[in-house]
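The structure under discussion appears below in the form of structure tokens.
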Amino acid sequence: MSHEKFMNSSIFLFLDLIVVAAGGWLYWLVISKLVSVSDVGQSTAVYSLVVLVSGIVGLGLEYPLLKKSSTARSTIVGSAILIELTITIAVVPFIIYTLADLHLQALQSYTVIALIMLISISQGYVARYALLGVSASKTILVIDTISTAVKFLAGYFLVISGFGALGVLLSFMLQAVLTASIALSLVHNIFGFSPGSLKHIKDTFKEGI
């Protein structure tokens, strides 16, 4: 990678961090004034659980993706997607049990939303680092800018329509689904999805761990 390309990629990645952070700050600044403390607590409890689990199921796969997506391409991407999907499905009972164990009927009703978010975030995670592996940080910036704007608009209109915590969680789910859908579509066009042999999948898993 040339010095100029590296600098441009770094700048776009830095701008992406600013957009995500500023978007999250503005979102809660507005939404928290429109919903009750209970709604904020319920939505953040569910979302925090999803983010925690998605961080665990990531399994460090960003390292082999960043390292090999420009060379192994469809093989490394396909392997990472398959691994993420398998681990995510394996932890579904944990999500269901945790929400049920809280003994709050309101939180239990958000289980389906939590599962959709978890699957979307885990698959979007693979697509994100595959794109970063080929220095497509400008693309990541565009995707995150669009999804952040959609989350804000959806959250605002859902909340003022009286959906409360459900509206907040639906906006986060929409952001996750939109981000994953766009990123995976681009990754498929650039790399394709081909997990390769069982040995390659095991090697990718070990390298991530």
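Working note: Cα atoms of the range 123-168, range along each principal axis, descending, whole Å: 43, 18, 7. Reported to the nearest whole Å, the Cα centre-to-centre distance from the range 24-93 to the range 105-169 is 9.
For G24, the shell of other residues with beta-carbons less than 15 Å away shows a net charge of -1, using +1 for Lys and Arg and -1 for Asp and Glu.
Note the angle between two axes, namely the Cα long axis of helix 164-190 and the longest principal axis of the Cα atoms of the chain, as a number of degrees from 0 to 90, rounded to the nearest 10. The angle comes out at about 10 degrees.
Taken along the Cα-to-beta-carbon direction at a fixed 7 Å, the label points for F94 and L52 span 1.0 nm.
From the largest down, the range 142-209 spans 52, 24, 14 angstrom on the principal axes of its Cα atoms.
Kindly sort R73, R128 by accessible area of their heavy atoms, largest first, with the probe set to 1.4 Å.
Details: R73 85, R128 60 Å².
Putting R73, R128 in descending order of accessible area: R73, R128.
Computed from the C-beta positions of A22 and K206 and an R0 of 35 Å, the FRET efficiency is 0.40 to the nearest 0.05.
Rounded to the nearest 500, the 222 nm mean residue ellipticity of the chain from helices alone is -28500 deg cm²/dmol, with -39,500 (n - 2.57) taken per DSSP H run of at least 4 residues. The translational diffusion coefficient of the range 88-185, from Stokes-Einstein at 25 °C and 0.890 mPa s with a Kirkwood hydrodynamic radius over alpha carbon pairs, comes to 170 µm²/s. Using 0.36 nm per residue and subtracting the Cα-Cα separation, the extra length available between S185 and F14 on full extension is 59.2 nm. The value obtained for the chain, namely the Cα convex hull volume divided by the number of residues, is 106 Å³ per residue. Dividing the convex hull volume of the alpha-carbon atoms in the range 1-94 by its residue count gives 113 Å³ per residue. Estimated at the nearest 10 Å², the accessible area of M173 is 40 Å² with a 1.4 Å probe.
Element breakdown for the chain at a 1.4 angstrom probe: carbon and sulfur atoms account for 71% of the accessible area. 3J(HN,Hα) along the range 112-122: 4, 4, 4, 5, 5, 4, 4, 5, 5, 5, 5 Hz, from the Karplus curve 6.51 cos²θ - 1.76 cosθ + 1.60 with θ = phi - 60°, whole Hz, x for Gly and Pro.
For the listed residue pairs K68/K202; K68/K151; K151/K206; K67/K138; K68/K138, the alpha carbons are over 24 angstrom apart in K68/K151; K151/K206.
By a 1.4 Å probe calculation restricted to protein chains, V159 has an accessible surface near 10 Å², given to the nearest 10. A full extension of the chain between K199 and V150 corresponds to an added length of 13.6 nm, given 0.36 nm per residue minus the alpha carbon distance.
The values are calculated or read from the model by the stated rules, or taken from the named source; none is laboratory data. All values reported here derive from a predicted model rather than from experimental measurement. FYI the Cβ positions are ideal-geometry reconstructions off the backbone, even for glycines, and counts take in every protein chain you see. Heads up: the accessible areas ignore ligands, DNA and RNA and are worked out on the full protein's heavy atoms, side chains in. Shrake-Rupley method; radii C 1.70, N 1.55, O 1.52, S 1.80 Å.
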